[in-house]
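What follows is a single structure, written as structure tokens, with notes after it.
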Amino acid sequence: MKKFSRTISLIAAVVLTLSCCGQTSVPATSSAVSVPGEEIASAGQQATRTVTDLMGRQVELPQEIDSVICTGSGALRLVCYAQGADLVTGVEDTDKKRQIARPYNYVYSPQFQDLPSIGKGGGRGYTAYEEEIISLQPDVILTAYTSDALEELAAKTGIPVVSIGYQSNLFDPSVSQALTLVGQVLGREERCAQLVEAMEEIKQDLAERAKDIPQEEKPSAYAGAVTYSGGHGFGGTYSNFGPFTAIGAVNVADGIRQEGGFEVDLEQILAWDPDVIFLDPANMSLVQDEYAKNPAYFQSLRAVQEGKVYALPCFNQYATNIEIAIADAYYAGKVLFPEQFADVDMDQKADELLELFLGAAFYSEMKEAGLSFEPITIGP
């Protein structure tokens with residue numbers, strides 16, 4: 001009996017010793033400091049850190065990020081801007097095909113097209129392929145999903161999910177915030193700080209050029225055939241149109257209390273009779289079809305009569321192509337305020353912006369694809 005009791009006591013002591021050895025003596029965070037002469041018990045556990053995402057969520061991440069996937073509109077673009085494409089291990093189906101209308105996709109498609117598919121893509125709703133994501137085990141998922149969708153993704157995959165969704169308008173504060181966060185997450189702080197600083201300088205340059213022109217002396221402008229949730233005909237337009245706002249242009253559509261993209265009645269455009277019209281060249285087939293059905297309508301517009309219709313390539317392609325939106329602002333400035341933007345060469349400016357954001361100048365290829373800055377004709 002005494003021998004049995006001694007045996008039980010010995011076993012208990014061994015179990016207690018093993019249990020103590022298995023505990024983590026220092027929290028697994030980037031702020032953990034080892035005491036000299038003392039070994040961290042859980043040396044195999046990776047250090048972590050916490051970031052606050054654009055939804056205000058506290059997300060715990062590995063100290064070092066070696067792999068990432070992006071879901072939702074605009075997320076992969078920001079990683080490309082941050083020069084983090086080498087970390088991407090899977091892409092959405094929507095970015096599998098090379099598309100020059102999405103410059104980030106056009107530049108990086110060769111390395112993305114053979115990666116595993118991790119979701120359908122196409123918006124901010126839930127389109128992820130959970131099993132594929134889990135099999136890839138990325139260190140982090142960067143997403144533009146809505147709050148409900150990103151929480152669902154985090155719960156189903158068990159992988160840290162960080163919201164970097166930004167507003168689709170030029171120079172919205174959320175753009176700089178998202179870029180800064182991406183830099184923090186991926187360890188690309190210096191690169192993202194460079195872009196944020198450059199964007200602020202560009203914003204100031206655009207705002208300064210025509211600021212002294214009285215509003216009543218500025219020509220009125222209309223942006224039609226825009227793209228939002230797909231292409232639109234002549235009546236598709238924007239209020240608070242980023243390129244116009246950036247240069248202080250008079251946007252006739254701002255008189256309608258609508259947010260973002262919307263469809264305006266054609267008779268309202270006729271009533272506005274804007275001095276200058278800008279159209280997305282990618283949607284000109286829709287406008288030409290409308291012209292064929294009602295040429296008299298278009299011929300009655302003063303801007304059409306005077307040849308003041310210009311191409312303005314779409315910047316809204318799976319969220320904002322920031323470099324294209326900025327180029328649009330400079331071209332709109334050249335058209336509306338020629339004296340103040342006389343020094344701007346659009347071929348040079350477009351390549352400069354593509355180089356800044358994506359490290360590649362290919363405006364000549366955009367022009368060949370019909371996405372150029374030049375006068376455009378409605379009708380034959």
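The values are calculated or read from the model by the stated rules, or taken from the named source; none is laboratory data. All figures in this text were calculated on a predicted structure; none of them were measured in a lab. FYI the Cβ positions are ideal-geometry reconstructions off the backbone, even for glycines, and counts take in every protein chain you see. When the accessible area is computed, the model is the full protein with side chains, heavy atoms only, and any ligands, DNA or RNA have been set aside. Shrake-Rupley method; radii C 1.70, N 1.55, O 1.52, S 1.80 Å.
When the residues of segment 214-258 are filtered to those that are in contact with a Ser or Thr (Cβ under 8 Å, 6 or more places away or on another chain) and assigned to a helix (DSSP H, G or I), which remaining residue is surrounded by the most Cβ atoms within 10 Å (Cβ to Cβ)? Ranking the qualifying residues of segment 214-258, first place goes to A253.
For K203, are the conditions met, namely being in contact with a strand residue (DSSP E or B) (Cβ under 9 Å, 6 or more places away or on another chain) and closer than 21 Å to I326 by Cβ?
On the way: in contact with a strand residue (DSSP E or B) (Cβ under 9 Å, 6 or more places away or on another chain): no; closer than 21 Å to I326 by Cβ: yes.
No, not satisfied.
Residue by residue, here is whether (1) over 18 Å from V79 (Cβ atoms); (2) out of contact with any helix residue (DSSP H, G or I) (no Cβ under 8 Å at 6 or more places or on another chain) holds:
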{"position": "G121", "(1), (2)": "no, no"}
{"position": "I133", "(1), (2)": "no, no"}
{"position": "L136", "(1), (2)": "no, yes"}
{"position": "V140", "(1), (2)": "no, no"}
{"position": "Y166", "(1), (2)": "no, no"}
{"position": "N169", "(1), (2)": "yes, no"}
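Scanning segment 142-151 for residues that are under 17 Å from the mean Cα position of the chain (by Cα) and either crowded, with 18+ Cβ neighbours inside 10 Å or assigned to a strand (DSSP E or B) (or both) yields a total of 5. Here G122 meets each of (1) of a type outside the set (S, T, N, Q); (2) part of a helix (DSSP H, G or I); (3) closer than 22 Å to P313 by Cβ with one exception, condition (2).
Suppose the filter is outside any loop (DSSP other than H, G, I, E, B) and either on the phi > 0 side of the Ramachandran plot or of a type in the set (G, A, S) (or both); does A154 pass it? Before the answer, list the steps.
Working: outside any loop (DSSP other than H, G, I, E, B): yes; either on the phi > 0 side of the Ramachandran plot or of a type in the set (G, A, S) (or both): yes.
Considered against the rule, which asks whether it is outside any loop (DSSP other than H, G, I, E, B) and either on the phi > 0 side of the Ramachandran plot or of a type in the set (G, A, S) (or both), A154 comes out as yes.
Exactly one residue out of Y108, Y104 is modelled with pLDDT of 95 or more, open to solvent by 20 Å² or more (accessible area, probe 1.4 Å) and either over 17 Å from I159 (Cα atoms) or not in a strand (DSSP E or B) (or both): that is Y108. Considering only segment 293-308, state which residues are more than 10 Å from I378 (Cα to Cα) and either at pLDDT below 95 or outside any helix (DSSP H, G or I) (or both). Selection gives N294, S300, L301, E306, K308.
Just to verify a result, which residue in segment 157-174, among those that are modelled with pLDDT under 95 and part of a helix (DSSP H, G or I), is surrounded by the fewest Cβ atoms within 10 Å (Cβ to Cβ)?
Looking only at segment 157-174, we keep the residues that are modelled with pLDDT under 95, and these are 165-174.
When the remaining residues are screened for being part of a helix (DSSP H, G or I), the result is 173-174.
Working: P173: 9, S174: 14.
Ranking the candidates gives P173 first.
The set of residues from segment 201-213 being open to solvent by 10 Å² or more (accessible area, probe 1.4 Å) and either in contact (Cβ under 8 Å) with a residue 12 or more places away in the chain or in a loop (DSSP other than H, G, I, E, B) (or both) comprises I202, K203, A207, R209, K211, D212, I213. Taking the condition surrounded by 24 or more Cβ atoms within 10 Å (Cβ to Cβ), of a type in the set (D, E, K, R) and farther than 14 Å from Q317 by Cα, does E92 pass? Answer is yes for this residue.
Residues that are under 15 Å from the mean Cα position of the chain (by Cα) and either on the phi > 0 side of the Ramachandran plot or open to solvent by less than 10 Å² (accessible area, probe 1.4 Å) (or both): does segment 111-119 have at least one? Within segment 111-119, none of the residues are under 15 Å from the mean Cα position of the chain (by Cα) and either on the phi > 0 side of the Ramachandran plot or open to solvent by less than 10 Å² (accessible area, probe 1.4 Å) (or both). For the residues V226, V162, the requirement of being of a type in the set (A, V, I, L, M), more than 30 Å from S285 (Cβ to Cβ) and in contact with an Asp or Glu (Cβ under 6 Å, 6 or more places away or on another chain) singles out V162. Which one is surrounded by the most Cβ atoms within 10 Å (Cβ to Cβ) among residues in segment 259-313 that are out of contact with any strand residue (DSSP E or B) (no Cβ under 9 Å at 6 or more places or on another chain) and basic (K, R)? Only one residue tops the list, namely R302. Restricted to segment 48-72, and to residues there that are charged (D, E, K, R) and assigned to a loop (DSSP other than H, G, I, E, B), the residue that is least open to solvent (accessible area, probe 1.4 Å) is D53.
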